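Participant: Quick one: structure below, then a few questions.
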Amino acid sequence: MTKKKPVRLRPYYKTRYAYEKLRVCKHCRSFTVLWEDKCASCGRQALIPVMDQARINAKRSMQNERLIALLVMLAAVLFSQTFVQIVLCFLGGMALTLFLWWFQRKMLETETRRQLDKLLRGSERRIVEGIYLNLSTASAAIKEDEQLGYEILREIASIVHNDRIRLQRIMLLQGFVLRKDMELELEPLMLEDFEPALAEYIGELAKVKRELIKSQAIRYVMIYEREILRMKDGAGIMSGVAGAAVRMKKYVDMYPEFILRYVRQLPKERYLRLYQLVRRNPDQSWNGLRDEVSAIYNEKYRWDPEFQNWE
């Protein structure tokens, strides 16, 4: 059995939009999703967020528009035949330029969004190349430092969503000592097909961070219940998920038969939580779950002082 390593993962900064993770090199226009200081392609410290580059492009475009307005004014002045025409063309041109400058200030954010869309659409090939380079960095890092490799894959996963990266992350996580204070996640790592490593990971989360066990994970273990039960600690995984499910009434409402199958394997603390739910909802039978909870209570916990307040 491989010994698990204690790790302290660096903080993961979530962004509202996936593209906010991208940075572009001002020198060679290469892209990356990593936190590196130097561009991996040209070696220069010229990486900036794509939104900053889009804002630079927007300001440059607006500056060009103002220059065109000034050139039009200059041409009008040069071709004027009288002093009055010169004054009128100059004042009109200045007024037009000032109005354009005022209007551009109002439209800066809109133009920045337009330039961002133009930048991303026009750089698809370079973005793909940058991510492949990031994946190569991750592969090299995993051989030397699994924690760093995981952190790199976590950043890449904000842009690339596929089962290969999900499985790589799960396998790396299975080599770490998981703690409640760690920034862990489950739903972004869920796979369609059965994978023992994912089942084991779900079982561990049910112990250390059960708030991450939600409907998607519960449905997954129900679909692959037979396969999981053939695993070494399969029954423990299933009862752990059932124990995590009883933390919320909606999961008891949705999956009473599943919980019923493992209610006798629940540890006392999780059974007490379920018992409290049953007592608070006397009109619900949950397809026989209430009767089984009552039977277990009479067999094991009738004289337990922790249950007396719920008589």
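Participant: Give segment 217-249 a look and list any residue that's within 23 Å of VAL278 (Cα to Cα) and in contact with a Gly (Cβ under 6 Å, 6 or more places away or on another chain), or say none. Spell out the reasoning first.
Facilitator: Initially, segment 217-249 is screened for residues within 23 Å of VAL278 (Cα to Cα), giving 218-219, 222, 238-249.
Scanning segment 217-249 gives a single hit, GLY240.
Participant: A follow-up question, please. Taking ASN64 as meeting all but one of (1) under 22 Å from GLU109 (Cβ atoms); (2) under 24 Å from the mean Cα position of the chain (by Cα), write down the number of the exception.
Facilitator: All conditions are met except number (2).
Participant: Same structure, new question: For segment 8-33, enumerate the residues that are surrounded by 19 or more Cβ atoms within 10 Å (Cβ to Cβ), out of contact with any Lys or Arg (no Cβ under 6 Å at 6 or more places or on another chain) and part of a loop (DSSP other than H, G, I, E, B).
Facilitator: LEU22, SER30 - these are the residues of segment 8-33 that are surrounded by 19 or more Cβ atoms within 10 Å (Cβ to Cβ), out of contact with any Lys or Arg (no Cβ under 6 Å at 6 or more places or on another chain) and part of a loop (DSSP other than H, G, I, E, B).
Participant: Which ranges mark the helices (runs of 4 or more DSSP H) fully within segment 77-180 that have 1 or more residues being touching a Gly at 6+ places or on another chain (Cβ under 8 Å)?
Facilitator: Details: elements: 83-106, 108-122, 124-144, 146-156, 163-173.
Filter on segment 77-180 gives 124-144, 146-156, 163-173.
Participant: Right, another one. Which members of segment 73-121 meet the condition of being surrounded by 12 or more Cβ atoms within 10 Å (Cβ to Cβ), free of Cβ contacts under 8 Å to residues at least 60 places away in the same chain, farther than 13 Å from SER61 by Cβ and of a type in the set (A, V, I, L, M)?
Facilitator: Residues satisfying the conditions are MET73, LEU74, ALA75, ALA76, VAL77, ILE86, VAL87, LEU88, MET94, LEU96, LEU98.
Participant: If you check every pair at least six apart or on different chains, which have Cβ atoms under 8 Å apart with a residue in segment 289-302 that is assigned by TED's automatic domain parsing to the domain that holds LYS249 and under 11 Å from LEU260 (Cα atoms) first and a residue that is surrounded by 13 or more Cβ atoms within 10 Å (Cβ to Cβ) and β-branched (Val, Ile, Thr) second?
Facilitator: LEU289/VAL252; LEU289/ILE259; LEU289/VAL263; LEU289/VAL278; ARG290/VAL278; GLU292/VAL263; VAL293/VAL263; VAL293/VAL278
Participant: Which members of segment 233-279 meet the condition of being at pLDDT 95 or above and β-branched (Val, Ile, Thr)?
Facilitator: Matches in segment 233-279: ILE237, VAL241, VAL246, VAL252, ILE259, VAL263.
Participant: Take LYS214 and decide whether it is surrounded by fewer than 20 Cβ atoms within 10 Å (Cβ to Cβ) and modelled with pLDDT under 95.
Facilitator: Working: surrounded by fewer than 20 Cβ atoms within 10 Å (Cβ to Cβ): yes; modelled with pLDDT under 95: no.
The answer is no for LYS214.
Participant: Now for a separate question. Take the conditions under 30 Å from VAL160 (Cβ atoms) and touching a residue at least 12 places away in the same chain (Cβ under 8 Å) and apply them to ARG44. Does it pass? Give the steps one after another, and end with the answer.
Facilitator: Details: under 30 Å from VAL160 (Cβ atoms): yes; touching a residue at least 12 places away in the same chain (Cβ under 8 Å): yes.
Yes: the conditions hold for ARG44.
Participant: Which condition from (1) surrounded by 12 or more Cβ atoms within 10 Å (Cβ to Cβ); (2) within 18 Å of ARG126 (Cα to Cα) is the one that ARG55 breaks?
Facilitator: Every listed condition holds for ARG55 apart from (2).
Participant: For segment 89-114, name all the residues that are over 25 Å from the mean Cα position of the chain (by Cα) and within 22 Å of SER158 (Cβ to Cβ).
Facilitator: Of everything in segment 89-114, nothing turns out to be over 25 Å from the mean Cα position of the chain (by Cα) and within 22 Å of SER158 (Cβ to Cβ).
The values are calculated or read from the model by the stated rules, or taken from the named source; none is laboratory data. These numbers come from a predicted model, not from an experiment. When we count neighbours, we look across all protein chains shown, and the Cβ atoms used for this are built from the backbone with ideal geometry, even at glycine.
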